[in-house]
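Single-structure report; data block below.
A short reminder: the numbers here are calculations on the coordinates, not readings from a lab. For clarity, every value in this text was computed on a predicted model and none was experimentally measured. Neighbour counts run over all protein chains shown; Cβ positions are idealised from the backbone, glycine included.
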Amino acid sequence: MKTYFIAGHRSGIGRALTDLLLERGDAVVGLSRGSSDRSNPRLHEIQADVLQWDGSGLPDRLDGFVYAPGSINLKPFKGYKAEEFRSDFEINALGAALALQKAEKALREGQGSALLFSTVAVGQGMSYHASIAMAKGAVEGLVRSLAAEWAPVVRVNAIAPSLTNTPLASKLLGNEARAAAAAERHPLKRVGEAEDLAAAGLALLDNPWISGQVLGVDGGMSSLRP
Ligand SMILES: NC(=O)c1ccc[n+]([C@@H]2O[C@H](COP(=O)([O-])OP(=O)(O)OC[C@H]3O[C@@H](n4cnc5c(N)ncnc54)[C@H](OP(=O)(O)O)[C@@H]3O)[C@@H](O)[C@H]2O)c1
């Protein structure tokens, strides 16, 4: 049985990944702020804000680490306040770095693998995405830097999703017209489901010869012009 730490295990992509790992018989240490609605003997939950968390509850050995908290705060550039740039950076990038520092020893012990989340809006310029693109650009830099520093013991990769049907994206998919327009914008003619992202995440966590990569799981958004 392998053991995985998942920050953001309570909803969206982190939840779908937790489900996949529990289904295949692994153990999950999940961290989120809210209280859980489920119980499983192989799920150990930590209720904390990841930005304040002191690392307590982490096991001595980890096979995998996932950082799934994030934000979507889209607006014209002139409308962003300094505090918004700061909080987007903190939850997307700084939180990941601080959690990885806490998990490093256990990840080295388990020769584990780390998975972070970027966004399609780093590799593609998208209007109104300045703050999240800045924050997730930092995540991509962290992934490549740490993958080099921790090789060959610990692998570090990221997924760059396009719009995915989770609580985080609910405002953007909130009515039928918006959801249909969002699906239409994607070459594969639908938005992502949490399970699409979780399956790709699991593949990156498992593959022993991939490190320092950012994988687009985005319905073709980053690379196709049909
Ligand atoms: N959904 C999309 O369209 C999309 C697109 C591009 C990139 N992404 C990225 O993909 C990743 C996963 O997104 P998602 O859509 O699955 O998000 P989500 O549905 O909002 O889930 C985020 C999880 O993180 C937890 N969380 C949030 N803030 C936290 C904090 N301060 N401390 C501890 N836990 C916290 C939440 O639980 P609590 O609220 O209980 O803390 C929840 O379990 C994110 O990094 C996001 O930026 C998503």
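Of all residues in the range 19-38, those satisfying the criterion of being crowded, with 21+ Cβ neighbours inside 10 Å and near the ligand (Cβ under 9 Å from one of its atoms) are G30, L31, S32.
Any residue in the range 39-56 that is within 15 Å of the ligand (Cβ to nearest atom), part of a strand (DSSP E or B) and under 13 Å from the mean Cα position of the chain (by Cα)? There is no residue in the range 39-56 that is within 15 Å of the ligand (Cβ to nearest atom), part of a strand (DSSP E or B) and under 13 Å from the mean Cα position of the chain (by Cα).
Scanning the range 159-179 for residues that are more than 8 Å from the ligand (Cβ to nearest atom) and surrounded by 12 or more Cβ atoms within 10 Å (Cβ to Cβ), we see that the one that is nearest to Y67 (Cα to Cα) is L173. When we screen E90, E45, E23, E84 for residues that are under 23 Å from G192 (Cβ atoms), out of contact with any His (no Cβ under 6 Å at 6 or more places or on another chain) and of a type in the set (D, E), the only hit is E23.
The set of residues from the range 151-190 being in contact with a helix residue (DSSP H, G or I) (Cβ under 8 Å, 6 or more places away or on another chain) and farther than 21 Å from S118 by Cα comprises V153, K189. If you go through the range 1-18 and keep only what is charged (D, E, K, R) and within 9 Å of the ligand (Cβ to nearest atom), you end up with R10, R15.
Of the residues that make up the range 42-56, is at least one surrounded by fewer than 17 Cβ atoms within 10 Å (Cβ to Cβ) and closer than 17 Å to A138 by Cα? Yes, the range 42-56 has at least one match. Residues in the range 127-158 that are within 11 Å of the ligand (Cβ to nearest atom) and either small (G, A, S) or surrounded by fewer than 18 Cβ atoms within 10 Å (Cβ to Cβ) (or both): A133, A135, A158.
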